[in-house]
Amino acid sequence: MIKITNLQKYYRTEEVETVALNNVNIHVKEGEFVAVMGPSGCGKSTLLNIVGLLDDLDEGSYLFNGTEVAKFKEGNRSNLRKHNIGFVFQSFNLIDELTVFENVELPLVYTNVPAAERKRRVEEVLEKVQIMHRRNHFPQQLSGGQQQRVAVARAVVNNPKLILADEPTGNLDSSNGNEVMHLLTELNEAGTTIVMVTHSEHDAKFADRVIRMLDGQVIMETSTV
Amino acid sequence: MIKNYLKFAFRNLWKSKGYATINILGLAVGLTSFLIILLYLNHELSYDRWSPELEKVFKVSLRDADNDISSNTQAPLAALLQEKTPQIEAATKISTDVTFEVPLAAGENVISQAGTISADSLFFKVFPYKIVEGDARTPLHKPNAMVISEHIAAKLFGTENPIGKTIKVFNSFECEVTAVIERPEGPSHLDIELVYRSPYEKNNYHWGNWSYYTYIKIKNPLPTDVVETTIDQIYYTERVMKDKTLSYHEFRKSGKQEGLFVDAVHDIHNFPKHGTSNMTTLSILLLLATLLLFAGAVNFSNLSIASSLRRAKEVGVKKVLGSSRARLFWQFMGEIAMQCLIALAISMLLLHIALPYFNQEFQVSLNIFGNQFSWNLLLQIILCLFAVTLLSGLYPAFFLSRYNTAKVLKGDYSSGKQGLALRNTLIVVQFVVAAFFIIGIAVVNRQLNYMQHFDRGFSGEQVLSIRALLMKTREDDFDKVKNELLRIPGVTSVAKSTKVPGDQFADTATMNFKHEGESYRLGSVKVSKDYFETLRIALIDGRYFNDSQADQSTRSAIINETAAHKLGLQQAGGKYIAYPNCDSIPIEVVGIVKDFNVLGLEQQIQPAVFTIGNQACMFQSGGAILVKLNGPDVQKSVAAIEELWKSIEPGFPIRYAFLDENFQQLFASHLRLQRIVAFFGTTAIAIAMIGLFALTAFLIGRRTKEISIRKILGANTSELSLLLGKDFIRLIAIAVLIALPLGWWAANEWLQNFAYRIPLNAWLFAMAACSVMVIATFTIGINIIKVSRANIAENLRDE
C-alpha cells in the first residue's frame, strides 16, 4: 500500500540545513499494523506527516497504492487524503467549538455525503467507540480517553484504508491508553492498515511490525508476530 | 534593563515587519488627519488674539424694531457711546468692505489693494496695532491722514521712507502717510492693510447714514453681557425711547427687541452672535478626524493583539523565569509607545507633504515648525501621543501580560472570546463610516459632474467680462467704449449687463412689475443691444433688441421663458409690462428668450425682464462689460484690450475674468467639499480596511489549528473561505445596512442646496454597497488565503 524509496527531507533555516530524514525506505502492505519508534527528534513524526501527505518530501519516491504521489499538488493530495487516510493525534485535535457528533461528522461533510447517510454513519461509529451517550457534548467536557475515542471515531468514519496515529496514547493514562489500543487493533483486524508513531514499547507490541529510527534513518525493523 | 527592553522591542518589531508596518502606517494616517485639523483649529481660535488689549474690544451691532440684525450702524453712534459711557475708553467707526480692492496710486505706481478701510481719528485708540514708524500717538489726527502697513509701504515706496508721502485713493483724493503699522502676528477678522480718514467724513456724519461698523474699547475687562446692557441702556435712553413712560427695564420686559448688542472681537470670527462661521464645519471635521484617530488607535490595539499570539510563549517563559505581570505590562506598553512615536514621526512627514495642499484649499498658511511653532502646540501633540499610546497599548498590554503561563507553555494560546463583541462593534462602526463616505463620494461626484455638463443656456466661451470702475464707462461712454473695443482684432461683439453670469454676488432682487393690472415679482436686468447675441442665448419668440428708438429708451423688453410663463404669455409682441410705481410708461415685450442660468445650479432660474437704458423709472448700473473674442490669438486681443483700458479708465488697473472661469468659481466651494469628502473618505476606507485586516488576522490566527484539522479532514480553500469569511461578511453587511439610510439622508440634505440636482437612484446605493463588500472581501480574503495555504504539519507541530 505504501512504498517509500530513498526519501530525503531537509529542514532549512536561513543559515543551517538539517537533514530530517535520510535515505528512508519503507514498505507497508495493505492490512498491516506498523509501529514507528525512536527517540525524540529522530524524524518519526516527519515521516508520518509525509506518509499522510501533510508535508512534502525533498527527494525520493512515494507510491500510494501504486500511484506516485511525491509530486502531487495540494488539491490532489487533499482529495486523496480525505478519501483514504484517517488521522489520530497525541493531542486529539478536536475542534473545541463543535460537539462530539459534529466533530465526527466533519470528514463526511467534506466528502459530500448526504445528511441522512452522515447521521447513520456517525451514530454507527460512535456506538462502536462507545461514546454515543456523549454525542452532544463539547470536547472540553470529556476526559482525555473519551476525547481520543472521538478522534478515533472521526478518523474511521469515512472508512479509510489507512489510519495514521501519532502517539495516540501519549496524553492518556494506561487504562484509557489500553482502550484506544484495543480500538485500533479491532480496526486493523477489520482490514484497516495502521501506521502508528509511539514511544511506548507496550503499545508497539500491538503492532505486527516495529520500525526503529535514529537521526532520520531507519536502523532496524522487527516483527512482533 | 532599558537597553534590554529597547533591544527586545526592536527585535520584535523587525520580526513582525508586516504587521508593524500596517500598524504604524494606519496610526500615522489617523494622526496626520487629526493634526491637520488640530492645526487648523488652533489657527481659527487664534483669531483676534494677537494682543491682550483686544480682550477689551467689542463690536456693536443693532437689532431693529422688526428684529432684523444689522452690523451696519449709524455714523454718530460711536461718538454717542463714548460720550455717555464712562466705562468706554474709546469708540471708533469704520467703513467699507475689507475684501474690496481699492485703487491706490503713489506717483506712477498704481495698485489695487484689499484691506483698505476708512476710519475716524480714534481707530488706533481702539485697535492696538503696533506703529513702527511715524506718529505713534495721534496717527489719524489730520483730516487727510493715512496709516499703511509695512507691506504696502514696501509695495508703493520700496525702501524709501513713506512718512509724509501722499497716496491717491480711488483716483480722486489724496492722503498723507502719517504712520506705518506692523502686521499683527495672528489672524484678524479685519484684515487691515491701510486706514485713511475720509474727506467726506463731515458730510456723512448724520443718524440717517448706516454705513459704519462701530467698535468700542472699555477701560477694564468686563463680561460681554455687562457691556451689552450698559450701552444698550444708553442707546435706549438716547435713541429709542419715544414714549417716556417706559423705563429701560420695563421696555425689555415688554419683550421688545430693538436695541444694541455686542460681540467680543475675538468671538466674531468663530462664535458670532448672528451670522455664520467656520466653526460648524470645523467641529464636523474635528469629529471626523477624532473618529479616524480613534479608529486608528483601536486598529493598532487589535493588530498588536493579533501579532502577539506568536509572543504568548515569550510571556509564558518570562513568567516562569520570574518576571512579574507588572514588568511584562510595562515592557509591552514601552514597545507600543515606541511604535506610536515612530507613527508620530511618519505623520510629521505626511503633514509636511499634505499641509501645502490643505493651505491652498482653505486659504490659510498653516505650518508646524515655522513661525507658528508654539509650546502650546507641542504640548497638544504630546498629549495626543500620550492618549493614542494609552488607547492603543492598554488593552494589548493587559491581554499579553495576562496569558496563563501553564496553558501557554502547553500550546494553548486561546483566551476565550472576551472583548469580541466590542471589537465587532468597532469594525461595524468603522465600516459604517467608510460606507457613508463611499456614498458621499459617489453622490458628490455625480452632482458635480452633472453641474459641469449642465446646459446653462448660454455660451461663455471666450467671453471676457471687464469690471468698469467708473459709472461713466458703463453708462454715458458705453457706446464709445464699445466701438473702441470692436476695433481690436479678434473682438467680435461687445455688450454689457448688470447681472453677469457666474458672479458670486449677483443681484437677485426682484420687484413688482405690472402686467394687465396684476403685480408680478420679476427681476430686472439692464443690458445693451447685443447682449443675447454675445452670449448666444436662443430666442423662442419675437426678436432680439435693435437700434430702434423704443428699444434704446426702455420702451421694449425681452423676457425669459420663466417670466413668460409667470405672466402667462405665449407669444411676444403686443403685450405690455411696467416697472413698479411707473404705470405711465408701458414697456412692450418684444421677445422671449430661452431660459439661461446665471446664478449656478443652487437656485431656480429667476423670471427676468431685460431692458436697455435707465429711462423707465428705475436706475440700475454696475455689472460688467462683456467682450466676445473669436480670433486666432486671444492673448493678443486681451493684451490690446488691456492697453486700450489705460485710456478708458486712466489710473484704474483693468480687472477682468473669462466668463467660463467665472462660472467655474461658483463651483469652488462644492469642489472643495468634493476634495474634503474624497480625502476623509479615502482615509476612512483605509483605516476600516486596516481594522478589518487586524480583526480577521487575529481571529483567523487563533483558529489556525482548527483550520489545519479541517484541512486534514478534507476541507478545501473555498469551504474554508466560506467558514472563515461568513462572520465578517455578516458584520460588513450590517454596517452597509446602517450606512445606506444615513448616506441617503445626508445626500438628500446636501442635494437640497441645488435647484438642479441628480436623482438619488437606487443603483447609486447598490453600487456603493457593492464596493464596500468588494473592499471587505478583498481584505478578509488576504488573511484567509494566507492561512489556508499555510503548512498544515507546521501548524500542528506543538505536540
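Every number here is computed from the coordinates shown, using simple stated rules; none is lab data. Only a predicted model underlies this, so the values are computations on that prediction, with no experimental measurement involved. So basically every Cβ, Gly included, is an ideal-geometry build from the backbone, and we count neighbours across all protein chains shown.
Shown in residue order for segment B:598-614 are the 3J(HN,Hα) couplings computed by the Karplus curve 6.51 cos²θ - 1.76 cosθ + 1.60 at θ = phi - 60°: 9, 10, x, 9, 5, 10, 4, 5, 7, x, 9, 10, 9, 9, 10, x, 10 Hz (x for Gly and Pro).
Here is the list for segment B:549-621: GluC sites (Glu not before Pro) lying in DSSP coil, each with at most 15 other C-beta atoms within 10 angstrom of its C-beta, are B:Glu602. From the alpha carbon centroid of segment B:64-133 to that of segment B:332-348 is 51 Å. Checking every one of the trypsin sites (Lys or Arg not before Pro) in segment B:214-243 against DSSP loop status and a limit of 16 other Cβ atoms within 10 Å picks out B:Lys219, B:Lys242. When only alpha carbons of chain B are considered, Rg and Dmax amount to 34.6, 108 Å.
Given all pairs of different Cα atoms, what value in angstroms does the Kirkwood hydrodynamic radius of the protein assembly as shown take?
Working: mean 1/r = 0.0271 Å⁻¹.
Evaluated on the protein assembly as shown, it is 36.9 Å.
Kirkwood Rh, Cα Rg: Rg to Rh for segment B:455-548? On the Cα set of segment B:455-548, Rg over Rh gives 0.99. Taking the three principal axes of the alpha carbon atoms in segment B:277-360, the coordinate ranges are 61, 24, 19 Å, sorted in descending order. Projected onto its three principal axes, the C-alpha set of segment B:676-799 covers 70, 25, 17 Å, listed from the longest axis down.
Output the relative contact order of chain B, whole-number percent, from Cα pairs under 8 angstrom with separation of 6+ residues.
15
Applying a 4.7 Å Cβ-Cβ cutoff to chain B, the cysteines left without a disulfide-compatible partner are B:Cys175, B:Cys340, B:Cys384, B:Cys770.
Separation of segment A:150-185 from segment B:234-285 is 89 Å, based on Cα centroids. What does the C-alpha gyration tensor say about the overall shape of segment A:1-75? Classify as rounded when a/c is under 1.5, otherwise prolate if a/b is larger than b/c, or oblate. Oblate is the answer for segment A:1-75, as a/c is 1.5 or above yet b/c matches or exceeds a/b.
Both the radius of gyration and Dmax for segment B:470-651 are 16.8, 53 Å, in that order, over alpha-carbon atoms.
Which of the chymotrypsin sites (Phe, Trp or Tyr not before Pro) found in segment B:92-162 are in a DSSP loop and have at most 14 neighbouring Cβ atoms, other than their own, within 10 Å?
Values: sites: B:Phe100, B:Phe123, B:Phe124, B:Tyr129, B:Phe157; in loops: B:Phe100, B:Tyr129.
Taking segment B:92-162 and a limit of 14 other Cβ atoms within 10 Å, the loop chymotrypsin sites (Phe, Trp or Tyr not before Pro) found are B:Phe100.
Both radii are taken from the alpha-carbon atoms of segment B:5-86; with Rh as the Kirkwood radius, Rg/Rh is 1.46. Projected over every direction and averaged, the convex hull enclosing the alpha-carbon atoms of segment B:1-157 yields 19.8 nm². Relative contact order of segment A:2-223: 31 percent, from C-alpha pairs under 8 Å at least 6 residues apart in sequence. Globularity index of segment B:252-400 is 1.58 (Cα radius of gyration / 2.2 N^0.38 Å, N = number of residues). Kirkwood hydrodynamic radius of segment A:2-223, from the reciprocal of the average inverse Cα-Cα distance over all distinct pairs: 17.9 Å. With neighbour counts taken as other beta-carbon atoms within 10 Å, the residues B:Tyr40, B:Tyr5 rank, fewest first, as B:Tyr5, B:Tyr40. Convex hull of alpha carbon positions in segment B:67-133: directionally averaged projected area 7.1 nm².
Working value for segment B:562-650: equivalent-ellipsoid semi-axes of 34, 19, 13 Å, each the square root of 5 times a Cα gyration tensor eigenvalue, largest first.
Taking only alpha carbon atoms, segment B:80-191 gives an Rg to Rh ratio of 0.97, where Rh is the Kirkwood radius. Assuming a viscosity of 0.890 mPa s and a temperature of 25 °C, what translational diffusion coefficient in µm² per second does Stokes-Einstein assign to segment B:727-799, Rh being the Kirkwood radius over Cα pairs? It comes out at roughly 160 µm²/s. Rounded is the label for segment B:125-199. Its Cα gyration tensor axes, ordered a ≥ b ≥ c, give a/c under 1.5.
With a ≥ b ≥ c taken as the square roots of the eigenvalues of the C-alpha gyration tensor of segment B:250-297, please select rounded if a/c is under 1.5 and otherwise prolate if a/b is larger than b/c or oblate if it is not? Prolate is the answer for segment B:250-297, as a/c is 1.5 or above and a/b outweighs b/c.
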